[in-house]
Amino acid sequence: MTNDQNNDHHIVGYLEGITPQISGWVCDTSAPSTRLRVHLVIDGMIQATTIAEKPRPDVAATQVGDGCYGFSFSIPSAFYDEVEHHLNIKIEGRSNVQLEGTPRTCVFPNRVLTIRAATNADRNAIIRLYNAADEEGGYPPSMDATTATRLLARFDLPKNRLLLAFVNEQAVGYLTVASPVRGPHGHVATLRINILQPHRGAQIGTALMRQAVEFVETSGLRRLELTVDMENMPAIGLYNKFGFGVEGIKRGYYFDGTHDKDMYMMARLFQPEIDPSLENV
Ligand SMILES: CC(C)(COP(=O)(O)OP(=O)(O)OC[C@H]1O[C@@H](n2cnc3c(N)ncnc32)[C@H](O)[C@@H]1OP(=O)(O)O)[C@@H](O)C(=O)NCCC(=O)NCCS
């Protein structure tokens with residue numbers, strides 16, 4: 001028997017919620033400073049992995065270590081289908097442990113995808129979304145109420161837009177179009193997009209991009225540009241699909257933590273609206 005298996009009975013925790021997030025907490029009370037890695041398993045396949053380290057004051061209050069043992073997962077888009085699914089949480093290296101509250105059978109409603117411009121009422125959704133995206137990218141959360149307020153104000157300007165994608169009312173992705181508004185580059189905007197991992201490959205990027213293009217076509221912008229990692233095939237595929245072309249390479253532009261990487265510069269030009277009074281001139 002391995003050391004880990006000896007300690008299996010020291011694992012405490014619970015799978016609590018299924019919607020809107022799959023969430024719970026887990027701790028090895030024999031090593032309370034260790035944060036366990038947990039896998040979300042649906043229908044026998046690992047869908048996502050995270051570290052159970054979110055602060056849980058309610059858990060700390062019950063004298064379980066420092067209480068930083070929470071975890072949460074988005075429900076992957078593919079499972080919003082009104083079909084019964086088998087859901088489990090597995091703890092890395094502790095295959096024999098069955099977390100309390102698991103396994104479960106669950107049915108998620110059909111997916112309702114909504115794309116719309118962010119408003120002040122979305123401040124909390126933005127904080128959750130940007131911080132989840134930071135964590136997925138391996139960065140510490142950087143969005144707080146003040147930063148979110150600043151972000152909303154910035155995208156409230158003409159020629160600027162922050163679009164949000166919601167799956168069954170959970171914010172799962174954003175797209176920004178940012179332009180200096182005035183000056184010689186006032187017709188140029190920069191595009192950024194990010195969809196949370198469990199929702200990628202489910203046409204949400206496409207839906208966001210469609211609305212971004214509609215916005216650009218009606219806002220007086222004539223050029224939309226971006227930089228993208230040359231190895232980021234899903235993103236390049238999305239940009240190609242919407243008519244962006246490669247204009248050049250920025251060498252060594254992006255440090256990924258290990259290497260300086262080359263990036264494509266991509267852009268799409270938009271025709272200015274023809275003034276009908278000038279059509280026959
Ligand atoms: C890039 C990203 C925004 C795409 O959004 P998405 O919702 O996953 O994309 P969609 O499902 O709408 O697919 C759009 C197109 O992208 C391409 N694509 C998507 N997933 C792909 C994959 N795994 N491999 C190759 N191409 C892929 C396809 O061309 C697809 O069009 P199709 O379905 O008509 O064939 C998303 O994957 C993401 O957020 N990635 C992480 C952040 C990021 O890389 N942002 C861009 C930085 S420049």
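The values are calculated or read from the model by the stated rules, or taken from the named source; none is laboratory data. It should be emphasised that the depicted structure is a prediction, and the values quoted were computed from it without experimental measurement. Reconstructed Cβ throughout: ideal geometry from the backbone, glycine too, with neighbour counts over all protein chains shown.
For this structure, a couple of remarks:
- Filtering Asn194, Asn232, Asn240 for residues that are free of Cβ contacts under 8 Å to residues at least 40 places away in the same chain, within 13 Å of the ligand (Cβ to nearest atom) and under 29 Å from Ile22 (Cα atoms) leaves a single hit, Asn232.
- Residue in segment 201-212 that is hydrophobic (A, V, I, L, M, F, W, C), touching a helix residue (DSSP H, G or I) at 6+ places or on another chain (Cβ under 6 Å) and more than 12 Å from the ligand (Cβ to nearest atom) present: no
- Breaking point among (1) modelled with pLDDT of 95 or more; (2) more than 12 Å from the ligand (Cβ to nearest atom), for Pro184: (1)
- Flag for Lys261 being out of contact with any Ser or Thr (no Cβ under 8 Å at 6 or more places or on another chain), within 14 Å of the ligand (Cβ to nearest atom) and not in a helix (DSSP H, G or I): yes
- Of all residues in segment 51-90, those satisfying the criterion of being part of a strand (DSSP E or B) and free of Cβ contacts under 8 Å to residues at least 40 places away in the same chain are Ile51, Lys54, Pro55, Cys68, Glu84.
- Single residue of segment 60-101 satisfying the filter (surrounded by fewer than 17 Cβ atoms within 10 Å (Cβ to Cβ) and of a type in the set (Ser, Thr, Tyr)) that is farthest from Arg128 (Cα to Cα): Ser95
- Meets criteria (within 22 Å of Val112 (Cβ to Cβ) and modelled with pLDDT of 95 or more) for Glu214: yes
- Candidates Ala148, Ala133, Ala178, Ala189: the one that is buried (at least 19 other Cβ atoms within 10 Å of the Cβ), among the aliphatic types (A, V, I, L, M), at pLDDT 95 or above and within 16 Å of the ligand (Cβ to nearest atom) is Ala189.
- Subset of segment 19-48 [touching a residue at least 24 places away in the same chain (Cβ under 8 Å) and part of a loop (DSSP other than H, G, I, E, B)]: Thr19, Pro20, Thr29, Ala31, Pro32, Ser33, Arg35, Leu36, Asp43, Gly44
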